[in-house]
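Contents: one structure, followed by commentary.
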Amino acid sequence: MTILLTTLNARYAHASLGLRYLLANMGELQAQTQLHEFVIGARSTDVVEKILGYRQEGEKLIVGFGVYIWNVVEITQIVAVLKRVAPEVVIVLGGPEVSHETGDQEIIRLADYVITGWGDISFPELCAQILKGPQPLMKVHAGKQPPMNDIKLPYQLYTDQDIRHRTLYVEASRGCPFKCEFCLSALDKTAWPFDIDAFLAEMESLYQRGARLFKFVDRTFNLNIKASLKIMQFFLDKLEAAPHDPVFAHFEVVPDHLPDALKEGIQKFPDGTLQFEIGIQSFNPAVQALISRKQNNDKAAENIRWLTTQSHAHLHVDLIAGLPGETMDSFAQGFNHLVSLKPHEIQFGILKRLRGTPIIRHTEAYQLRFDPQPPYTILANQDVPFTDMQRLVRFARYWDMVANSGRFANTLPVMLADDPFARFMAFSDWIFANTDATHRIALDRLAALVGQWLQLQGMSAADCKTLLASDYAGSAQHQQGSSHKGQQANQEKGKATPQRQRQHMVA
């Protein structure tokens with residue numbers, strides 16, 4: 001008998017932490033369990049062929065799929081093909097996309113079993129029943145949440161290849177105490193920490209094996225300040241011991257909870273070693289109340305301003321367009337406020353209706369209209385009609401290309417002037433009207449389009465050329481494909497620092 005754990009990751013650089021947790025907790029079945037990750041875009045028949053390559057003659061094959069909002073469409077196709085050519089293969093589904101609203105999903109109809117919620121102990125238990133009996137009577141099984149100390153940590157299952165070439169996802173805790181209605185964590189009762197000493201021992205092992213880039217998936221890294229300080233000190237010790245070979249750590253933090261003890265630790269991190277993902281989502285108090293989001297906006301803004309001026313942390317701050325009660329004008333005000341705080345990146349997201357989230361309670365009152373296909377992006381609501389929502393979608397894409405890329409650091413402030421949202425929306429509308437494209441715009445062409453738009457706003461051609469030439473995107477050396485000071489500086493910042501952050505550092 002073989003048990004295969006598999007999923008489709010968004011890209012090769014992403015390594016599935018969830019599958020490794022399952023493998024680590026398989027107990028006596030671990031020797032019969034293997035892991036094989038695929039990447040979005042693979043042909044379904046090719047994936048099925050590789051899956052069936054694990055089948056042993058005369059033995060049962062159980063395939064466990066990790067299903068998420070970004071891969072459910074392709075995994076549904078794979079499961080359909082797999083069941084058509086090898087119906088005897090037992091298919092078990094798990095993951096957030098199949099943990100809620102199980103009655104209306106084609107992929108669940110095709111599969112043999114589904115585990116909703118936590119799968120660490122429920123998946124091996126189900127496999128044991130399938131193999132040894134009694135046979136499970138139900139298709140859908142509610143995952144059992146074990147005590148945190150009963151969950152075996154999976155980090156030894158990251159291979160040397162993973163450590164060299166992929167982002168290592170780690171977590172010091174699970175869950176979230178907050179109830180933001182657009183997020184699946186709203187269903188959690190609280191946050192549950194792993195034993196901090198056992199966790200740091202695993203991080204030490206990864207570091208000794210060569211890991212230098214650690215991405216924490218904890219929803220609220222700075223919730224427990226005592227644990228946060230211990231984790232930060234772990235990385236500071238590594239930086240002090242080997243400044244020539246720095247580590248890089250990414251944390252998701254609550255924006256209005258940054259006590260002095262944490263600030264003191266943050267200030268010790270040098271450039272290129274620390275990144276914070278900060279969820280603002282909305283600065284509109286009425287919207288925050290409507291979606292059960294508790295946030296002190298003044299304190300959040302004060303902390304972001306402090307981080308940008310008093311620390312070397314790279315800030316990736318999130319806003320969500322399309323929330324119920326948020327108008328174009330109120331979103332613009334929040335966006336402009338966030339721009340004034342000068343974070344390195346503003347992740348301009350569009351609301352998605354994740355299965356199981358409480359946001360659906362506002363559907364009728366605010367006329368929320370979501371795309372029926374994954375990722376269930378909002379199409380319109382009572383305050384933002386479809387055409388304006390599409391403009392926001394394009395704005396988000398162009399903002400990522402121009403602002404978040406770090407390639408237009410000198411040009412961007414000129415583009416935004418004294419009204420960032422209105423000015424960039426005008427640019428977004430113009431570039432789409434002239435290209436009919438939001439993807440696959442070559443960097444040199446994008447720089448030329450930015451220059452054209454600035455000239456339409458009254459800037460001389462000579463000034464545009466000088467301005468763009470001062471940026472990564474417009475440098476003559478870049479256009480000719482040669483090395484330039486920015487690229488050299490990037491390399492000097494250390495291999496662990498992600499490329500996009502290095503571009504902001506150079507700028």
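The values are calculated or read from the model by the stated rules, or taken from the named source; none is laboratory data. Every value quoted in this text rests on a predicted model; they were computed, and no experiment measured them. Don't worry about glycine lacking a Cβ; one is built from the backbone with ideal geometry, like all the others, and counts go over all protein chains shown. Just the protein is used for accessible areas: all its heavy atoms, side chains included, with ligands, DNA and RNA removed. Shrake-Rupley method; radii C 1.70, N 1.55, O 1.52, S 1.80 Å.
The residue list ASP318, ASP329 contains one member that is free of Cβ contacts under 8 Å to residues at least 24 places away in the same chain and not aliphatic (A, V, I, L, M), which is ASP329. Here are some conditions: (1) open to solvent by less than 20 Å² (accessible area, probe 1.4 Å); (2) touching a residue at least 40 places away in the same chain (Cβ under 8 Å). ALA249 meets all but one. Which one does it not meet? Only one criterion is unmet by ALA249, namely (2).
Scanning region 422-441 for residues that are polar (S, T, N, Q) and within 14 Å of LEU456 (Cα to Cα) returns SER428, ASN434. Among the residues of this structure, TYR113 counts as one that is hydroxyl-bearing (Ser, Thr, Tyr), in contact (Cβ under 8 Å) with a residue 24 or more places away in the chain, in contact with a helix residue (DSSP H, G or I) (Cβ under 8 Å, 6 or more places away or on another chain) and within 28 Å of GLU57 (Cα to Cα). Would it be correct to say that LEU17 is open to solvent by less than 50 Å² (accessible area, probe 1.4 Å), under 21 Å from LEU168 (Cα atoms) and touching a Leu at 6+ places or on another chain (Cβ under 8 Å)? It is false that LEU17 is open to solvent by less than 50 Å² (accessible area, probe 1.4 Å), under 21 Å from LEU168 (Cα atoms) and touching a Leu at 6+ places or on another chain (Cβ under 8 Å).
The residues in region 185-202 that are open to solvent by 50 Å² or more (accessible area, probe 1.4 Å) and in contact (Cβ under 8 Å) with a residue 60 or more places away in the chain can be counted, and the count is 1. Among the residues of region 26-40, is any open to solvent by 20 Å² or more (accessible area, probe 1.4 Å), in a loop (DSSP other than H, G, I, E, B) and of a type outside the set (A, V, I, L, M)? So far as region 26-40 goes, no, none of its residues is open to solvent by 20 Å² or more (accessible area, probe 1.4 Å), in a loop (DSSP other than H, G, I, E, B) and of a type outside the set (A, V, I, L, M). Restricting attention to region 101-113, does a residue exist that is at pLDDT below 95, open to solvent by 20 Å² or more (accessible area, probe 1.4 Å) and more than 25 Å from THR190 (Cα to Cα)? For region 101-113, residues at pLDDT below 95, open to solvent by 20 Å² or more (accessible area, probe 1.4 Å) and more than 25 Å from THR190 (Cα to Cα): present. Note on region 85-116: residues that are assigned to a loop (DSSP other than H, G, I, E, B) and small (Gly, Ala, Ser) total 4. The single condition from (1) at negative phi; (2) modelled with pLDDT of 95 or more that PHE348 fails is (2).
Has region 382-393 got any residue that is more than 28 Å from ALA442 (Cα to Cα) and either charged (D, E, K, R) or crowded, with 19+ Cβ neighbours inside 10 Å (or both)?
Yes: region 382-393 contains one or more residues that are more than 28 Å from ALA442 (Cα to Cα) and either charged (D, E, K, R) or crowded, with 19+ Cβ neighbours inside 10 Å (or both).
When the residues of region 119-156 are filtered to those that are open to solvent by less than 20 Å² (accessible area, probe 1.4 Å) and aliphatic (A, V, I, L, M), which remaining residue is nearest to LEU22 (Cα to Cα)? Among them, the one singled out is ILE151. Test ASP237 against the stated conditions and say whether it is within 22 Å of LEU22 (Cα to Cα) and either among the charged types (D, E, K, R) or open to solvent by 40 Å² or more (accessible area, probe 1.4 Å) (or both). No; evaluated as a whole, the condition is false for this residue. Here GLU74 meets the list (1) in contact with a Gly (Cβ under 9 Å, 6 or more places away or on another chain); (2) farther than 28 Å from GLN156 by Cα; (3) open to solvent by 50 Å² or more (accessible area, probe 1.4 Å) almost entirely, failing just condition (3).
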